[in-house]
2 protein chains.
Amino acid sequence: LLFKWNIIAFRTVQSYNYFTFIIMKWELMVLGSSSATPTSERNPSAQVLNCGDRLFLIDCGEGTQMQLRKFKVKFQRIDHIFISHLHGDHYLGLAGLLFTYHLLGRKKGLHIYSNPELREIIDLQLKASGTRLLYSLIFHDIPENKALSLFEDKKIGISCFPLLHRVPTHGFTFRQKIAERNLIKEKIADLEIPIQQLATIKKGGDFTDKYGKIHPNSELTTAPPAPRIFAYCSDTGFNPKIVPYIKNASLLYHEATFMHNMRANADEKQHSTTIQAATIAKKAQVNKLLIGHFSARYDELTEVIEETRTVFPDAELAIEGNTYKI
Amino acid sequence: LLFKWNIIAFRTVQSYNYFTFIIMKWELMVLGSSSATPTSERNPSAQVLNCGDRLFLIDCGEGTQMQLRKFKVKFQRIDHIFISHLHGDHYLGLAGLLFTYHLLGRKKGLHIYSNPELREIIDLQLKASGTRLLYSLIFHDIPENKALSLFEDKKIGISCFPLLHRVPTHGFTFRQKIAERNLIKEKIADLEIPIQQLATIKKGGDFTDKYGKIHPNSELTTAPPAPRIFAYCSDTGFNPKIVPYIKNASLLYHEATFMHNMRANADEKQHSTTIQAATIAKKAQVNKLLIGHFSARYDELTEVIEETRTVFPDAELAIEGNTYKI
């Protein structure tokens, strides 16, 4: 009985760990949704991805630090910033954020993934202001036109892939690592499986009991939930070549600067229309599509989202301050 | 009688011109009032000076273009931008504004007055974004530690002078040119002074009537109103050496980052306290003082302005979106 109780106590702890794992937040907050010219209502591009309370900043248009404050994001938790390309509306807020971290006494290093020219710009801005940052900036250059892994740890893998735009531009994917299998609690208790063996079983191992009988993993565990994937595609012209990179994303953010009647304009400027963003989402069989980077000409966005949904029904508008579960 | 009527008709036109001259708007709008780290309520430094519907932008912190839109400033009318120094909170909004002008199809040249390093930064940002501006940028370098005239036309003279800060920093003065003297309408009509001579008289000339009698200017005109002067001093430590440059300003904007109990902090960082800003205003015998560049530590500014007024009663807080008559 005492042993049973131990198992139960243990199970409680395990369940708690397991529970925190499955409820681990993966959600995206939109900080800016406008295209190149901001409006009085919409700010330039920036999003913050929360993966279990670790924050990743994706693009950093002018005003991002004010938006982070406005929406009460704990922005000191951001250690990695991803810049898609060096059009002003995607990075002009970065220098201000870096200065603010300095003034707030940040000590932790900060990783920036970008086209290499960003480093020169930031260096010049630091020099002009006579600032020697209190923390280290670690630049990770993204070479033009390459798909590669940018960051990897136990929980997440982050990669980039080329988009179709007038200057070197990359999209990003954030992939949750395959979760461990779920233990079937009753089986673990009934078979009195020692604590030490549970880690192996969660990874897919079988269990041999004291009588030498093998219990296959499939009887002890259930499959983990599908890993979550967030894909970010901005700015880009219509480009089906990106589909393999963003396949099956839980959430795809794809720019939709124009409605489809402005397709010629979109093609010329290498931006996308509503229908083009939706077509990419459909081809990539993503769960959900989020559109943004709206042209300043659209005050009201109802028609923009309605047109998108004619091709891909599970589409949403990127609204500043809103969070989207992944 | 016909002649008299002509004169009266003429007087009406003249009065109208004169009237538009004296009511010619000189007013300042504050776009940003925070010190280096913006808050969710306050933006970094920027002000727009309206001199008879000609707009001058002074400093251009991050988010200035959004503030210009929010407060419905006709920002295409800005042809001259003055940057006090290259700390990020005073210029990081400039690149975004320049890109926006380009995207809006601006053709008119734009003059920028600044420390020369700004040109390098903007050049690099234009290069990184692959942008060739549709309009010309005319940079006017301000050499370190110099007081000099930056701009001059019939109506206004703009000068800079050195402030006391950690990087090369300049304050600016905007001086209305001496107005023409006011015609005494009754005298002009009674003496039947020909239209052609009025311009000379407004400039101080006497009038010789058809009998050869000289009517001295003092009998024909009254003195014009004192020319308006706006002086901008941010960022700066306490520095009475600036007094001669800002003497008798109609409106002095002087930074007051800290309350006076933080004087040591102000000295160290070469910023000013409330009492120091007020002391400069008093020494310079200005008409009105406007304080700003408030530290993020002050949520509420009542004590800040009250402390300032103990030394200089006619002081106001710089509030974003507010305009201040000059």
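The values are calculated or read from the model by the stated rules, or taken from the named source; none is laboratory data. Being a predicted model, the structure only gives us computed values, none of them experimental. As a convention, Cβ positions derive from the backbone with ideal geometry for all residues, glycine included, and neighbour counts pool all protein chains shown. The accessibility values were calculated without ligands, DNA or RNA, using every heavy atom of the protein model including side chains. Shrake-Rupley method; radii C 1.70, N 1.55, O 1.52, S 1.80 Å.
Identify the residue in region A:59-82 that is outside any loop (DSSP other than H, G, I, E, B) and more than 16 Å from the chain's Cα centre (by Cα) and, among all such residues, is farthest from the other protein chains (Cβ to nearest Cβ).
Residues of region A:59-82 that are outside any loop (DSSP other than H, G, I, E, B), as a first pass: A:59-60, A:64-70, A:75-82.
Among the residues that remain, those that are also more than 16 Å from the chain's Cα centre (by Cα) are: A:64-70, A:76.
On the way: A:64: 9, A:65: 6, A:66: 5, A:67: 9, A:68: 9, A:69: 4, A:70: 5, A:76: 13 Å.
My answer is A:76.
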Original post:
Among the candidates B:236, B:310, B:302, which residue alone is of a type in the set (S, T, N, Q) and surrounded by 15 or more Cβ atoms within 10 Å (Cβ to Cβ)?
Top reply: B:236
Original post:
Looking only at residues in region A:40-58 that are within 14 Å of another protein chain (Cβ to nearest Cβ) and open to solvent by 10 Å² or more (accessible area, probe 1.4 Å), which one is nearest to residue A:87 (Cα to Cα)?
Top reply: A:43
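Among the residues of region B:186-201, is any in contact with a strand residue (DSSP E or B) (Cβ under 7 Å, 6 or more places away or on another chain), in contact (Cβ under 8 Å) with a residue 60 or more places away in the chain and open to solvent by less than 40 Å² (accessible area, probe 1.4 Å)? Give the steps one after another, and end with the answer.
Initially, region B:186-201 is screened for residues in contact with a strand residue (DSSP E or B) (Cβ under 7 Å, 6 or more places away or on another chain), giving B:191, B:193, B:197-198, B:201.
Right, trim to in contact (Cβ under 8 Å) with a residue 60 or more places away in the chain and you get B:198.
Narrowing the set further to residues that are open to solvent by less than 40 Å² (accessible area, probe 1.4 Å) leaves B:198.
Looking for residues that are in contact with a strand residue (DSSP E or B) (Cβ under 7 Å, 6 or more places away or on another chain), in contact (Cβ under 8 Å) with a residue 60 or more places away in the chain and open to solvent by less than 40 Å² (accessible area, probe 1.4 Å), one finds at least one in region B:186-201, hence yes.
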Original post:
Is it true that residue A:177 is among the charged types (D, E, K, R) and either loosely packed, with under 12 Cβ neighbours inside 10 Å or touching an Asp or Glu at 6+ places or on another chain (Cβ under 6 Å) (or both)?
Top reply: no
**OP:** Can you give me the number of residues within region B:152-172 that are open to solvent by 40 Å² or more (accessible area, probe 1.4 Å) and away from every other protein chain (no Cβ under 14 Å)?
**Re:** 5
Subject >> Residue satisfying all of: in region A:196-214; in contact with a Lys or Arg (Cβ under 8 Å, 6 or more places away or on another chain) and at negative phi; modelled with the highest pLDDT among these >> reply: A:201
Original post:
Considering A:245, A:211, which residue is touching a strand residue (DSSP E or B) at 6+ places or on another chain (Cβ under 6 Å), open to solvent by 10 Å² or more (accessible area, probe 1.4 Å) and more than 20 Å from residue A:325 (Cβ to Cβ)?
Top reply: A:245
**OP:** Please state which of the following conditions residue A:290 fails to meet, knowing it meets all the rest: (1) touching a Lys or Arg at 6+ places or on another chain (Cβ under 7 Å); (2) part of a strand (DSSP E or B).
**Re:** (1)
Original post:
When only residues in region B:214-233 that are touching a helix residue (DSSP H, G or I) at 6+ places or on another chain (Cβ under 9 Å) and open to solvent by 30 Å² or more (accessible area, probe 1.4 Å) count, which is farthest from residue B:276 (Cα to Cα)?
Top reply: B:219
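Listed residues A:320, A:316; which is open to solvent by less than 40 Å² (accessible area, probe 1.4 Å) and either small (Gly, Ala, Ser) or closer than 21 Å to residue A:49 by Cβ (or both)? Don't jump to the end; show me each part of the working.
Values: A:316 fails: open to solvent by less than 40 Å² (accessible area, probe 1.4 Å).
From the options A:320, A:316, the qualifying one is A:320.
Can you name the residue in region B:105-141 that is part of a strand (DSSP E or B) and open to solvent by less than 30 Å² (accessible area, probe 1.4 Å) and is also nearest to the other protein chains (Cβ to nearest Cβ) among such residues?
Taking the candidates together, the pick is B:114.
Taking the condition of being surrounded by 17 or more Cβ atoms within 10 Å (Cβ to Cβ) and within 17 Å of residue B:37 (Cβ to Cβ), how many residues in region B:271-299 meet it? Break it down stepwise before answering.
Taking region B:271-299 and keeping what is surrounded by 17 or more Cβ atoms within 10 Å (Cβ to Cβ), we get B:271-281, B:284, B:286, B:288-296, B:298.
Filter again for within 17 Å of residue B:37 (Cβ to Cβ), leaving B:271, B:292-296, B:298.
Matching residues across region B:271-299 total 7.
Examine region B:83-95 for a residue that is open to solvent by less than 40 Å² (accessible area, probe 1.4 Å), within 13 Å of chain A (Cβ to nearest Cβ), in contact (Cβ under 8 Å) with a residue 60 or more places away in the chain and of a type in the set (Gly, Ala, Ser), and state whether such a residue exists.
Filtering region B:83-95 for residues open to solvent by less than 40 Å² (accessible area, probe 1.4 Å) gives B:83-95.
Among the residues that remain, those that are also within 13 Å of chain A (Cβ to nearest Cβ) are: B:83-95.
Still in the running and in contact (Cβ under 8 Å) with a residue 60 or more places away in the chain: B:84-87, B:90.
Checking which are of a type in the set (Gly, Ala, Ser) leaves us with B:84.
Within region B:83-95, one or more residues are open to solvent by less than 40 Å² (accessible area, probe 1.4 Å), within 13 Å of chain A (Cβ to nearest Cβ), in contact (Cβ under 8 Å) with a residue 60 or more places away in the chain and of a type in the set (Gly, Ala, Ser).
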